[in-house]
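What follows is a short report on a single structure.
The values are calculated or read from the model by the stated rules, or taken from the named source; none is laboratory data. Values in this document were obtained by computation on a predicted structure and should not be read as measured data. Cβ sites come from the backbone with ideal geometry, for glycine too, and all protein chains shown count toward neighbours.
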Amino acid sequence: MPKNKLSAHQISVDRFWDNYLLILKKNAIPTNSTPYYRKHVEAYIKANKNTPLSTQTSQNIERYLNAKGRLPELKEWQFRQIADAIRLLFTELIQPQWSKSYDWFQWRAFARELEPDHPSLMRDADPGSLVAPSSNQHILRFRTNYAETHLAFVKTIRVRQMAVKTEKTYEQWIARFLRYCNWKEIDKLGVENIKSFLEYLAVSRKVSGSTQKVALNALIFLFREVLGRDVENILSFTRASSKQRIPTVLSVDEIKSLFEEKAIHDDDLSAGFGEVMLPVALARKLGAAAKSFSWQYVFPATRLALDHGTDKTRRHHIHESSLQKAIRNAAKKANITKRVTSHTLRHSFATHLLESGRIFV
């Protein structure tokens with residue numbers, strides 16, 4: 001290449017990076033993160049070197065980020081940073097027409113990892129680890145100071161196969177109750193202490209009626225089901241006010257505008273992954289069903305993650321908070337002014353079944 005042409009090429013490259021760095025500064029990307037953003041873009045360009053940036057489509061993005069999402073050593077924050085670096089490249093520098101309407105949100109939001117004590121991971125965790133680690137000092141004190149009662153609580157709730165999320169919620173409320181009672185011996189606590197705690201929640205903490213009811217359920221479970229105590233005379237206490245809300249129902253057209261389907265399971269299988277976690281007994285019975293498409297999550301995460309309980313790399317479902325954010329984001333884009341949540345979809349589904357003449361059996 002002639003010297004003058006080489007210089008012109010280098011000038012163009014330098015201008016490209018100068019413009020990208022200005023975009024990072026305009027978007028308040030921290031200075032110490034700037035080199036990594038540039039590194040991510042360089043890696044993306046290298047992976048798509050045969051296709052000019054100006055002619056690339058969203059399919060190039062999806063192939064690249066799906067491949068990155070299959071790297072188990074890649075941390076959640078790193079994946080988010082890669083997606084953000086590429087987003088800024090296309091939306092503010094290259095600016096192809098499709099980039100403004102493309103759903104960049106999915107790559108950042110759906111990359112969130114499940115916590116070690118998330119129900120999907122804890123439900124069939126190693127039986128040797130009875131409870132998940134906790135940083136909550138009150139829960140830790142409940143587990144330590146009331147070890148026998150806590151063990152009975154866990155065994156009772158597990159034998160009844162109650163939801164893991166219910167177990168976590170009840171444990172939190174019991175710990176808060178014991179703290180309210182100044183960590184007295186469990187044998188010295190009774191109905192009057194429960195009433196006092198519930199009134200404290202309603203009057204002092206001003207919790208909602210539904211929150212107070214959850215606390216009541218947790219304490220009734222502890223005293224009646226675990227400790228075998230009589231709590232029938234617990235109904236006379238100050239109740240928090242409950243807000244009545246009529247369920248939101250979306251029209252069929254509104255629901256259609258919320259969803260976009262994406263299949264990635266086959267690519268996971270070809271990359272040596274594609275296995276979902278099954279309940280232990282079911283996994284023994286069905287064997288290879290863990291890799292069957294019919295057992296995969298309807299809403300998969302955008303990246304694979306290491307399951308520390310089994311040391312296997314899997315694609316879990318997206319974090320529930322990410323789904324809630326995605327639904328709100330989709331409703332906003334679809335210009336739906338109603339209050340839309342995941343429960344809204346359930347109510348809408350039931351309503352449209354009734355309207356279509358279907359019969360619930």
Exercise for the section: Being in contact (Cβ under 8 Å) with a residue 40 or more places away in the chain and among the aromatic types (F, W, Y) is the filter; apply it to region 33-90 and report the residue that is farthest from Y102 (Cα to Cα). Expected result: Y36
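Per-residue answers, yes or no, for (1) modelled with pLDDT of 90 or more; (2) assigned by TED's automatic domain parsing to the domain that holds M162; (3) small (G, A, S):
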residue: I186; (1), (2), (3): yes, yes, no
residue: N193; (1), (2), (3): yes, yes, no
residue: R205; (1), (2), (3): no, yes, no
residue: S210; (1), (2), (3): no, yes, yes
Exercise for the section: Report, by residue number, each residue of region 302-340 that is surrounded by fewer than 16 Cβ atoms within 10 Å (Cβ to Cβ), at pLDDT 75 or above and among the β-branched types (V, I, T). Expected result: T337
